[in-house]
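Below: the structure, in structure tokens.
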Amino acid sequence: MRDGFVDVRGTVTLDGDPLPNAQVTIETTNGSSFARTDRNGNYIAEYSRSLKGAGVGDATVRISTREIFPDEDVSGLEVDPRSGDHIKPELVPVKYNKKSELKITIENGGGPYNFELESDRTGSSSAGK
């Protein structure tokens, strides 16, 4: 690993259930790292194809289900009549993505950073290490 980068992984749930195929973006002063959750909601952050992890320090985390990944089945998705692109519904409230309130401090030891999200209908969030 490059200096200043550590292993960042964890689990994302929404209303207590694993959140599959969500994009996790971790923004630090060292740049942004990205991950995709698996069917169990687990993710492993990557800064680039050759550099795993994320930068040490304070970070804003954004989680979204709108991203369509190249290997996803799009057969059941709506198509935008203007662009012709498939539209994937956003299941995650804006307080966790565009207007994210998710803040963490990535420590030198790295470790699991789990995010227990709640939909707008159930109330507030908790996030942690």
Exercise. Placing +1 at every Lys and Arg Cβ and -1 at every Asp and Glu Cβ, with all other atoms neutral, what dipole size does segment 10-123 have around its Cα centre, in debye to the nearest 20?
Worked result: 280 debye
Exercise. What does the accessible area per residue of segment 1-118 come to in Å², with a 1.4 Å probe and no ligands, DNA or RNA counted?
Worked result: 57 Å²
Exercise. Can you tell which of 24, 6, 65 lies farthest toward the positive end of the dipole of the chain, using +1 and -1 charges on the Cβ of basic and acidic side chains (Lys, Arg; Asp, Glu)?
Worked result: 6
Exercise. According to the square roots a ≥ b ≥ c of the eigenvalues of the Cα gyration tensor, what is the shape class of segment 1-64, taking rounded for a/c under 1.5, prolate for a/b larger than b/c otherwise, and oblate for the remainder?
Worked result: prolate
Exercise. If you roll a 1.4 Å probe over the chain with all protein chains in place, what percent of the accessible area is carbon or sulfur?
Worked result: 46 percent
Exercise. Using a Gaussian network model of the chain with C-alpha springs under 10 Å, which one of 87, 104, 26 is most mobile by mean-square fluctuation?
Worked result: 87
For this session: Read phi for every residue in segment 35-40 and hand back ³J(HN,Hα) as whole Hz from Karplus 6.51 cos²θ - 1.76 cosθ + 1.60, θ = phi - 60°, with x for Gly and Pro.
Result: 8, 10, 6, 8, 5, 9
For this session: Evaluate Rg over Rh across the chain, taking Cα atoms for both radii and Kirkwood's formula for Rh.
Result: 0.99
Exercise. Which of 119, 94, 51 sits closest to the plus end of the dipole of the chain, meaning its Cα is farthest towards the positive end, when Lys and Arg get +1 and Asp and Glu get -1 on the C-beta?
Worked result: 51
Exercise. How far apart, in nm, are two points set 7 Å out from the Cα along the Cα-to-Cβ line at residue 72 and at residue 39?
Worked result: 1.7 nm
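The values are calculated or read from the model by the stated rules, or taken from the named source; none is laboratory data. These figures come from a predicted structure and were not determined experimentally. Note: ideal-geometry Cβ built from the backbone for every residue, glycine included; neighbour counts use all protein chains shown. For accessibility, only protein heavy atoms count, side chains too; no ligands or nucleic acids. Shrake-Rupley method; radii C 1.70, N 1.55, O 1.52, S 1.80 Å.
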